[in-house]
Structures are given as C-alpha cells and as structure tokens.
Amino acid sequence: MTVTKPSAVASASASTGVHIADYKDTRHQRRKFQHKRRHYTPGGRYDKAPAHWHRYNARPGDWRTRGCIIVGPIWWCP
C-alpha cells in the first residue's frame, strides 16, 4: 500500500489543471428561509392561532396594545 504525501497531491493537481474549490450547500439556506417566523399584526385575520396564545370569545378592550388577532370568530392575544 502506497501513501501519497500532501505535496505530491498538490503537484499532481497543479499539473493536471484541476482546481479544488469549496462546496457550499445551499439547501440549508433554503430551509432556513422557509422557516421564517410569521409576523402577526393586530386585528389581522389568520387561519390558525399562534402557539401559547390565549383565547377570547369577545374582543378585549385593549386588543390593539396587546397585539390580538382574529382567527375565525375567535380572538387570540399573546
């Protein structure tokens, strides 16, 4: 079994014209973009409530300052 030295590999790649380049996996970047957090605006209508928010049958008096949203006929506040 022969062991090649790093200098031998470098000289072999230089003589053949092969360039070693870094590989960047862009799938990780796409996954990161898809899991972007949703920004809920007060009074906005959504199809599902955020996790750990509180449910109200009627609109709270301070719904704007609390950032409450509407999901169907139900109000949800953080």
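Every number in this text was worked out from the coordinates using simple rules, so none of it is lab data. None of these values were measured; they are calculated from a predicted model. Here Cβ is always computed from backbone atoms with ideal geometry, including for glycine, and neighbour counts include all displayed protein chains.
At a glance:
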{"quantity": "Simple spin-label estimate for THR16 and HIS52 in nanometres, 7 Å along Cα-Cβ", "calculated": "5.4"}
{"quantity": "Derived scalar couplings ³J(HN,Hα) [segment 62-78; Karplus, 6.51 cos²θ - 1.76 cosθ + 1.60; whole Hz; x for Gly, Pro]", "calculated": "9, 5, 6, 6, 7, x, 5, 10, 10, 10, x, x, 9, 9, 10, 10, x"}
{"quantity": "Extension gain from ARG45 to ARG66, taking 0.36 nm per residue of separation minus the Cα-Cα distance", "calculated": "6.0 nm"}
